[in-house]
Structures are given as structure tokens and as C-alpha cells.
Amino acid sequence: MAVLMALPIGMVVWFSLQNNVITNASPQFVGLEHYLEIFADAQFHAALKNTAVFVLASVAAHLVIGLAFAMLLNTRLLPHWVKTIFRTIFVLPWLLTVAIVAVLWRLILNPNGVFNYLLVSTGLIDAPREWLADPNLALFAVVLINIWCGYPFFMISLLAGLQGISADLYEAASVDGAGPIRAFFSITIPQLRPIIISMTLLDLIWTSHQFTLIWMTTGGGPLDRTELLSTYTYKLAFSQYMFSAASASAVVVLVISAVLAFAYVRHQRARD
Amino acid sequence: MTTTTVTRTSAAVEQSRPRRQLSTAGRRRIAVALTLAGLIVGALFAGAPVLWMVFSSLKANPEIFAYPPQLITENSSLAPYLAILNDSRQLRFFLNSYVVSLAVAGLTLLVAVHAAYAFSRYDFPGKSIINIAVISVQAVPPITLLIPYFGLVVALGLYNTYPGLILTYMVFTLPYAIIMMTGYFNTLPRELDEAARVDGTSSFGALWRILIPIAIPGMVSVGMYTFMIAWNEYLFALTLTRTDDMRTVPIGIQLLMGQHSYDWNQMMAMSVLGSLPVILLFIFFQRYFIGGMTSGSVKN
């Protein structure tokens, strides 16, 4: 099992240090040349920046929406069956294959689509926009889609966490005169903290791996505005057949994930 | 939850004053209304796009962008579904997805059950390796593995074949499955299989005759989780297959997008058909599903 992970990683590092792997029968060792090459590439810089914006905005929104929905679902004011129905609806976006999410939102965000209709008819914008083709809007649009399909994972874990908080804590707080807002910040958040940190780190890792959504909505365009490290790497390898440069880029992506994974593992250890 | 506690305590304090109890009931009603309003707004956010997909899949293609938008149009019918179901190329995508996903789920379970039994019942020097493998699967970017796997799959002659996809997916599903099944076996008392072994059954027999029948709920949850991973996968399916007879549904939907001049109704019909297996699994086995999700991510 470990071999199936370690071997490919070793291979990709080895590829990145050579010239013309896979396409060339006898590749030459070129050291760090490919790393210098991509570090000097403006497109790589754009991808790095877009990935940071995409990931941070998505994860922050996943956390806020996931927590809000989890708290709504955790209410004791409504019967169980009502909550089950709403929970099923809330999980729906996460059950759809990302490829399907991408096609569905291309329909919704179409210039003639229902999203533009709603915004124009409520007066929020004056004319329909090309959400996925406008260089100034495309990154916002893919973040919006990613928020929609990614929050349920947070929600489910936070809901499990909320159900684990003892009601005695809240009762003690209200006896001490704490209102709902005070209780939220003094009880709910501290109690959920371990789950919030774990889920945030995992979501940072996973969102930074997002490929399908971008590939099927914008393909990284327009003008590289939605190019992420994953699509940048994929294009190097499978559009331009520069497998060595792609491997170097893939190693950079790996290092970023490894740093986050290290933080995640340390946090899990501290929890145990 | 907070509001309830507050209401309850004030109710207890003010029990002697019936006039104020009315206002407590009133406050409770307001809290219920606010919660319901929040839930409905959330349901619109989550559910409206899905509803739009379903209703669009029934429209005639020229009606897709009708102005103003309508849920049900004059020519709404099942025709887009019939078009997909009568097209052998599209059906092949579904067949491929089912073959690959069911094979991944079945084979993963078969391997995971045996590995988990060993991990749960015997002391193993390599136990911590499986934890490392699980974290690696969560953390290593698929794009990083894609290039070497592409090289390996081509070198092994598995490019554009079912086994190439199935084996690749199992690398991702097995660590989860083993961890989840080990956790499940750990909750089953050792006395069960030890009693069987005293009666002369082999350890293999004890697993199959005693443990597996009572581990069905755990296996259902692992099976669904792996099925879903395989069913939804896109990047490796895109790269490791080349011809239509090996493509899976997520790629098929993309091909539908490029090929015709955007038959949105058929694309939506295919999306609905492609979403159904996972949504139905979720609705029928919600409890296992959520247990699997949380144990797969947070608890390991």
C-alpha cells in the first residue's frame, strides 16, 4: 500500500529532474532546471495566486455556511422528520458528481440563464453578465460554484460535533445570565474548535486539489484568470507533453499539500 | 438549541405567573418561525439548482432559455431521457461507470475485510503504515500521482482498460476501507470468533461465518463510500482512457457538451441519470453514509 504511494512520488520527483521523460527513450539528468523554468513562468505565478484566492475564499465560506446550516439542523424546536428532510436537501449538492455540478452551473450562469434573469429582474445588476467568460468575474463564479458543492462536508461533521456538546453547558451558561450570542462564542465555538481545525485543514488540502470543476467550466481561462496549479500542471503534461516541467509543477503542489498535511497530522496527534 | 434552553429556564422561573407564560410561548413560536425561515432559505440555496436541473431535463431544447424562465414549459416531456436511453454510445458510458464502480466497491471490500480482520485480531508490526497510507491518500494531490500512474498504466499495458481504472481507484479506496472496517471489527467482541475457533473452525472460517454476517452494516457503509468515490472520479478517468467504449459517465457528459451544439436538455437528463445512483444510495442508507463520512475524515 505504502509502495503504491511512495513509488509514484519517487517517480515524479525523478521525472522532474530529467529532460523529456515518457516521450523520450533516453532522458538526460538536468537537475533543477525545470523548477527554475516554472518559477520564472508568469502563468505559474497566476496559477499560484488564483489557487490561493480560490482555496481561501471557498474554505472560509464552507466553514461559515456549514456551521450556520449545522446549527439550524441541530435545533430542538422542530420534529425529527422535518430536520431529516432538510438535512437531505442540504446534502444534495455534495452528492452530485463534480462533473455534473460543472455542467449544471454552466446552464445556470449562462448569459441567458436563470441566474442572470434573477439578478436583472431584482435590479441587482442592470444587464446580463458572462459569469464564466468575463475575466473580471470568472474566478468569483468558480468560487461560487465550489462553495455551493463543498459546504455539506463541513456541515455533516459540525452537526455531529454540535450533537456531542452537552446541554448542561448551555443550561449553566443561561443560569449565569449568558445570552445566545455569548453562549455561541463561549461554548459552541470552543467545543467545536478541534473539528473546525481538522476540517479546515482537510478542506484546504482538498480544495487546492480541485481540477474537474475548473476544467469543465472555464478550462483555466479567460486569460488564465481561473488557472489553478492543478490545471496548469495538467496542461503542461497532457496538452503540451512537457512531462518533466509538469512533474516539477506537480512536486510543488505536493510540497504545499505536505505542509498542510503535516499541520493536520500534528493537530490530530494533539487531539488524541 | 440555545434559544430552547433560554426559554425553558425562563419558563421554570416564571411558572407562577401565567400571564408571562403566554409571552414565553410567543417567543418560542418566534424562534420556531426564525429557524424554519433559515432552513427554507438554506434549502433554496442547496436545492433550487438541483430542481432546475430536473426541470430543465424535461424541456424541449429551444425552451431551455425561455424568457422569462419557467419550471414547466409547453413541450416538457420525457423525450430527452428517451434520447439518452436510446443512444448506445451514452448507454455504454453508464455501463462502464457501473462496471468500474461496482468492481471497485466489491474488490475493495473483499481485500479490506481480510486486512481489517488481521489488523483487528492480531498484533501487526505494520499497523501504523496503514494510518500513514490513509493520511497520504487524503493529502497527496491527485495531479501529482497522475503523471507517474499514467506512465505505469501505459507500461503495464493497462491504458484504456477496465483493470487500469479499477486498480488505480483501489489505491485510493483501500486505505479508507481498511481503517473503517478495522474500526468496525474492533467493536465486535473477540469472544465471538474465538468461540468459533475453539469449536475447530479456521480463522478464515471464523471471519466468513461469524464476523462478516454481523459486520454487514459496516460493509454497507464502506461499500457505498467506495462506490461513490469511483462513480464520481474524473481526472484519472479522463487521462487513463481514450476511446468511447471505456469512458465513464462524468467524461461522457463532457463529451456531450462538445459534440452537439449544446443539447442542454439531454445534458441535464444525463446529469440526472448520473446523479441517481448516489442520491438513491444516500436516501436509503443515510445513517451508514453519514457514519462513514465522519469516521473517514475526522476520527482516524
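The values are calculated or read from the model by the stated rules, or taken from the named source; none is laboratory data. Because the structure is a prediction, the values reported are computed rather than measured. Cβ atoms come from the backbone with ideal geometry, glycine included; neighbour counts cover every protein chain shown. Note: areas computed on protein heavy atoms with side chains; ligands, DNA, RNA excluded. Shrake-Rupley method; radii C 1.70, N 1.55, O 1.52, S 1.80 Å.
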Here is a check on your reading of the model: is A:Phe15 of a type in the set (Phe, Trp, Tyr), open to solvent by 20 Å² or more (accessible area, probe 1.4 Å) and within 12 Å of another protein chain (Cβ to nearest Cβ)? yes
Would you check if there is a residue in segment B:162-169 being assigned to a helix (DSSP H, G or I), open to solvent by 10 Å² or more (accessible area, probe 1.4 Å), in contact with a helix residue (DSSP H, G or I) (Cβ under 7 Å, 6 or more places away or on another chain) and more than 26 Å from A:Leu260 (Cα to Cα)? yes
Please work out if A:Leu159 is of a type in the set (A, V, I, L, M, F, W, C) and buried (at least 22 other Cβ atoms within 10 Å of the Cβ). yes
May I ask you to say which residue of B:Pro250, B:Pro217, B:Pro189 is within 20 Å of B:Phe119 (Cβ to Cβ) and either within 14 Å of chain A (Cβ to nearest Cβ) or within 25 Å of the chain's Cα centre (by Cα) (or both)? B:Pro217
Any residue at all in segment B:260-274 that is surrounded by fewer than 22 Cβ atoms within 10 Å (Cβ to Cβ), assigned to a helix (DSSP H, G or I), over 22 Å from the mean Cα position of the chain (by Cα) and at the interface with chain A (Cβ under 8 Å from one of its Cβ atoms)? no
Going by what's in this entry, would B:Ser97 be described as within 11 Å of chain A (Cβ to nearest Cβ), modelled with pLDDT of 95 or more and on the phi < 0 side of the Ramachandran plot? yes
Does B:Leu102 satisfy the criteria of being closer than 28 Å to B:Tyr169 by Cβ, assigned to a helix (DSSP H, G or I) and either charged (D, E, K, R) or open to solvent by 20 Å² or more (accessible area, probe 1.4 Å) (or both)? yes
Going through segment A:86-115 one residue at a time, which ones are over 25 Å from the mean Cα position of the chain (by Cα) and either closer than 20 Å to B:Thr248 by Cβ or more than 8 Å from chain B (Cβ to nearest Cβ) (or both)? A:Pro111
Considering A:Ser186, A:Ser249, A:Ser174, which residue is buried (at least 23 other Cβ atoms within 10 Å of the Cβ) and part of a helix (DSSP H, G or I)? A:Ser249
Members of segment A:60-74 found to be within 21 Å of A:Thr207 (Cα to Cα) and either touching a Leu at 6+ places or on another chain (Cβ under 9 Å) or buried (at least 16 other Cβ atoms within 10 Å of the Cβ) (or both), listed by number: A:Ala61, A:His62, A:Leu63, A:Ile65, A:Gly66, A:Leu67, A:Ala68, A:Phe69, A:Ala70
Out of all the residues in segment B:65-73, is one or more open to solvent by 60 Å² or more (accessible area, probe 1.4 Å), modelled with pLDDT under 85 and among the hydroxyl-bearing types (Ser, Thr, Tyr)? yes
Consider A:Pro194 carefully, then state whether it is open to solvent by 10 Å² or more (accessible area, probe 1.4 Å) and not in a helix (DSSP H, G or I). no
If B:Met257 satisfies all but one of (1) at pLDDT 90 or above; (2) open to solvent by less than 30 Å² (accessible area, probe 1.4 Å), what's the number of the condition it fails? (1)
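Conditions tested, residue by residue: (1) within 14 Å of chain A (Cβ to nearest Cβ); (2) free of Cβ contacts under 8 Å to residues at least 60 places away in the same chain.
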site: B:Gly151; (1), (2): yes, yes
site: B:Met180; (1), (2): no, no
site: B:Ile210; (1), (2): no, yes
site: B:Tyr225; (1), (2): yes, no
Which condition from (1) without any contact (Cβ under 8 Å) to a residue 24 or more places away in the chain; (2) assigned to a helix (DSSP H, G or I); (3) within 30 Å of A:Tyr234 (Cα to Cα) is the one that B:Gly157 breaks? (2)
How many of the residues in segment B:232-243 are touching a helix residue (DSSP H, G or I) at 6+ places or on another chain (Cβ under 6 Å) and more than 10 Å from chain A (Cβ to nearest Cβ)? 2
Of all residues in segment A:75-114 being over 28 Å from B:Phe236 (Cα atoms) and in contact with a Lys or Arg (Cβ under 9 Å, 6 or more places away or on another chain), the one that is most open to solvent (accessible area, probe 1.4 Å): A:Pro111
The residue that is farthest from A:Ala70 (Cα to Cα), considering only those in segment A:133-155 that are in contact (Cβ under 8 Å) with a residue 40 or more places away in the chain, open to solvent by less than 40 Å² (accessible area, probe 1.4 Å) and touching a Lys or Arg at 6+ places or on another chain (Cβ under 7 Å), is A:Ala138
With A:Thr212, A:Thr200, A:Thr226, A:Thr218 as the choices, which residue is within 7 Å of another protein chain (Cβ to nearest Cβ) and either β-branched (Val, Ile, Thr) or open to solvent by 40 Å² or more (accessible area, probe 1.4 Å) (or both)? A:Thr212
